[in-house]
Every structure is written in C-alpha cells, then in structure tokens.
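Taking it in order: structure first as structure tokens, then the write-up.
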Amino acid sequence: MLPIPRTWRVLTDVRWHRWPDEALFGVRRLSEDGVHVWRTGLDVPATRLAGLGAYLTPEEMARAERYRFPSPRRRFIAARGLLRELLGAYLELDPARLRFRQNAWGKPLLLEPPDALQFNVAHTEDLALIAVSVGGAVGIDVERVRPLAHPDRLAARTFSPLEYAAFRELPPSQQLEAFFAVWTRKEAYMKARGWGFHLPPDAFDVTVAPDAPPQLLADRQAPAEASRWSLHDLAVGTAYRGSLCVSSLARGP
Ligand SMILES: CC(C)(COP(=O)(O)OP(=O)(O)OC[C@H]1O[C@@H](n2cnc3c(N)ncnc32)[C@H](O)[C@@H]1OP(=O)(O)O)[C@@H](O)C(=O)NCCC(=O)NCCS
C-alpha cells in the first residue's frame, strides 16, 4: 500500500475534491484509523444533475419530488447522487447499485454492501460535506456563519447550562462565532451517535470558545461516551463553521 499523504489524514484539512477520479485515488488511502472529509458544491449544471439523478432509487426520487421548491429539490438530488458516486468510487461499485437503510432516528447507513463504509453528510445551501471512514461511526455538521438577531436567546434555548454560562462570559465580539462553533460541535456529536435531535442538546457539554480545542466534555445520559468520541473543527473557510465527530475506534488506539 502506498504511504498515506499526511494532508489526507489531518482531519481539520478539508479540501475541495473533484470526484470520482480523486475518490478512486483516495480509497487506496482510507485506512482503519483514517477519516476523509470531502467538500463539494451542490448547484451543478443541468446535465450533471441528470446524471446524478439517474443513480437514485424511485424512493429517493419520490423524496426529491416532495420538495416544493426547485432549489432544495435539485440540491437533494445532487447531494444523494454525489454521495452515491463517492461511496461507489471507494467501493468500486456502480453508484446506482448501492442500497441505503436508515437507523431508528433517520441516519443513512449502507445496506448493500452492508456497513462497508461509515459516512455522514451535512449540507448548508450550496455546500455539502461528506465524512467517510472504515473504522467507526462519524458525524459531521456545517453551518454558514450568518448574523443572528439574538444569539444569546438561541444559546439559552439550545445550549447546556455549562455551555451557556461559558458563552455568556465571552466578549460580545466572539459570541456569534462561538454560537456556530458550539452548534456544529454539538450537532456533529448528535449525528455521529446517530440520534440527531433525538439526543437532547442540553444533556451533554462541548467546549465553547471558538478557538478552544473542540472537545466533548461530558454526556450526562451516557457518561462513558465522553471518552469514546473526538471532535474536530473543520477549516471550511471563514464564512462557515464545520465540525466532525469521530469514534475513538476510527482514530486508532
Ligand atoms: C439529522 C439532523 C440533526 C440533521 O440536521 P440539519 O442541520 O437539518 O441537516 P444536515 O445538513 O446537518 O444533515 C442532513 C443529513 O444528515 C443525515 N442524517 C439524517 N438523520 C440523521 C441522524 N439521525 N443521524 C445522523 N445523520 C443523519 C442525512 O444524510 C441528511 O441528509 P439528507 O437530508 O440529504 O438525507 C436533524 O434533521 C434531525 O435530528 N432529524 C431527526 C429528528 C427530527 O426530525 N426532528 C425534527 C426537528 S427537531
């Protein structure tokens, strides 16, 4: 096996990748303890969209049709088609042949071939991130950093008491960035566990300062989980905050 280029394994190094060519290149380098993060745009030309849509099952197309507006409909088709293309490249399978299932809370997982790869998808507007691992569960989230009328009120509603207290201590100039840092760190964990918002956001704590090392500090419902996961901020550009949550299995011992 070729040596794994360091940049591909540094979890905070998110790059634009063109696929499938680079995915075929990358699959040889996805080791037991590695996680790849892929970044792509979803507003693709009509001909490309038609090609991506051709991979989707009738159920996926039916779900696309339920979007009332064209933009989210097209982005759903693009995201699902690109996911199929990317995973198909890793597995050297026709993207249309992949079958997905959902866990009890809606997290998509591979059904066919069964659990061959772990993955998770996040999108915001035109931007999508996909995390891929062979070693353990992953969760990913991305948000565009946008002005909020009352970040403090939103934080009071969604953060744990410990997080909210730390948030209030930050200078106002840091609070918007901190809000999205905490939000994406929390959602990455909730998605890695596979529960999404069925996991109460105030039941666990993450680090709050935008420049603090991201960390899951405690999970009051499942204390053992705190040491089972690592959080990573993703360098997606200044307009976004992105976070990745990886099981310790995926990082090796
Ligand atoms: C999963 C969830 C956290 C996604 O949040 P979001 O910010 O809207 O969307 P994101 O872009 O981050 O992620 C969407 C992707 O996450 C994945 N996903 C869906 N459910 C998931 C779960 N339980 N765990 C992990 N990933 C999940 C899917 O790939 C989805 O992409 P798709 O819609 O194209 O299939 C959220 O929708 C959720 O918890 N849903 C389940 C509970 C629910 O429906 N609550 C109602 C609102 S409170």
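The values are calculated or read from the model by the stated rules, or taken from the named source; none is laboratory data. Predicted model, so just to flag it, every value in this text is computed and none were measured. Quick reminder, even Gly has a Cβ in these numbers, built from the backbone with ideal geometry, and neighbours come from all protein chains shown. Only protein heavy atoms, including side chains, enter the accessible area calculation; ligands, DNA and RNA are left aside. Shrake-Rupley method; radii C 1.70, N 1.55, O 1.52, S 1.80 Å.
Observations on the structure shown:
- For region 160-214, the set of residues classified as acidic (Asp, Glu) and over 22 Å from Thr124 (Cβ atoms) consists of Glu169, Asp202, Asp205, listed by residue number.
- Boolean, Arg66 is open to solvent by 50 Å² or more (accessible area, probe 1.4 Å), among the basic types (Lys, Arg) and at pLDDT 90 or above: yes
- Just one residue in the set Ala203, Ala218, Ala212 is surrounded by fewer than 24 Cβ atoms within 10 Å (Cβ to Cβ), over 17 Å from Leu154 (Cα atoms) and modelled with pLDDT of 95 or more; that residue is Ala218.
- Of the helices (runs of 4 or more DSSP H) lying entirely inside region 102-215, those carrying at least 1 residues that are within 12 Å of the ligand (Cβ to nearest atom) are 151-158, 172-193.
- Every pair of residues 6+ apart whose Cβ atoms lie under 9 Å, when the first sits in region 64-76 and is in a loop (DSSP other than H, G, I, E, B) while the second is within 11 Å of the ligand (Cβ to nearest atom): Tyr67/Arg75; Tyr67/Phe76
- Matching residues, region 208-250, being polar (S, T, N, Q) and touching a Lys or Arg at 6+ places or on another chain (Cβ under 8 Å): Ser230, Ser243, Ser247, Ser248
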